[in-house]
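This report refers to the structure that appears directly beneath it.
The values are calculated or read from the model by the stated rules, or taken from the named source; none is laboratory data. Given the structure is predicted, the values throughout are model-derived calculations rather than measurements. Glycine gets a Cβ as well: all are built from the backbone with ideal geometry, and neighbour counts include every protein chain shown. To get the accessible areas, we keep the full protein, side chains included, count just its heavy atoms, and leave off ligands, DNA and RNA. Shrake-Rupley method; radii C 1.70, N 1.55, O 1.52, S 1.80 Å.
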Amino acid sequence: MSTAPADLDLIERLARLYTAVVGDILDRRGHTNQVMHPRIKALWPEAKLAGRCLPVACKQVFEPPTGSPYTGLLESVEAIAPGDIYVATVPDGLIGAAWGELLSTAARGSGGRGAVIDGSARDCSQTRSMGFPLFAANRCPADSRGRITVDRFNIPIECGGVIVNPGDYSLGDWDGLVVLPPELAESVVSEAEEKAAGETDVRAMLLAGESVSEVFRKTGIL
């Protein structure tokens, strides 16, 4: 379990990239299962996140527990540190939202960089208005109370078909979400920066009328 502070400089570099180029580099390295299932998507086009993952496992409940119905949820949100992304997996098919506007507000106040919910979120218009990046599989107005609770957090989970470990990094944009293991993050970001710069040259060559086959032969970039 990682408790090291997030590398905020690395996160800022990651945030300047885009998921396709980072996914390409991971593919080249043989890490071909780091892109989350497309059911989890940005809830508006300008939503973009980059940060370190705080993984959260939710489970179904059938009635509110005795005492506070939100104890596990509150503890997991209070664990958010600067640079973190709240990444939660919810059992399939549940009616109920595992995330909402007030949680987005709390996460932002703690330095959180976004939330990824493999399940439903609510208050999406309000969250959009505050500019907090939110990715989810669905929208649903129903409260989690008596339906969904946080089981454990800061443990490995499967989210969108990808194993997410504490301390992994994630980048999300309008195309989707990609996850970077921390031991690869620095080198993958550096290589992605180089590829992104090369793609700028490729665009210029294509706009000048060169054939796509010839450009690929020269640059190896497509």
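Miscellaneous remarks
- Proximal lysines to Lys48, defined as alpha-carbon separation beneath 23 angstrom and excluding residues fewer than eight positions away on the same chain: Lys195
- Surface share of carbon and sulfur [accessible, 1.4 angstrom probe, percent] for the chain: 53 percent
- Cα lying deepest toward the dipole's positive end in the stretch 51-209, options Ala121, Leu207, Asn154, charges on Cβ: Ala121
- The stretch 1-66 and the stretch 188-211 have Cα centres separated by 25 Å.
- Positive-end residue of Ala106, Ala15, Gly83, charge dipole of the chain with Cβ unit charges: Ala106
- Over the chain, accessible surface divided per residue gives 49 Å², non-protein components excluded, 1.4 Å probe.
- Over every Cα atom in the chain, the radius of gyration and the widest Cα-Cα span, Dmax, amount to 18.7, 69 Å.
- With the gyration tensor restricted to C-alpha atoms of the stretch 52-139, the semi-axes of the equivalent ellipsoid amount to 20, 15, 12 Å, longest first.
- 16 Å cut-off, amide nitrogen to a point 7 angstrom out along Glu75 Cα→Cβ, residues in the stretch 141-177: 149-156
- For q = 0.14, 0.16, 0.25, 0.28 Å⁻¹, Debye-computed log10 I/I(0) when each Cα of the stretch 161-222 counts as one equal scatterer: -0.57, -0.68, -1.00, -1.11
- Relative contact order of the stretch 1-95, defined on C-alpha pairs under 8 angstrom at six or more residues apart (%): 37 percent
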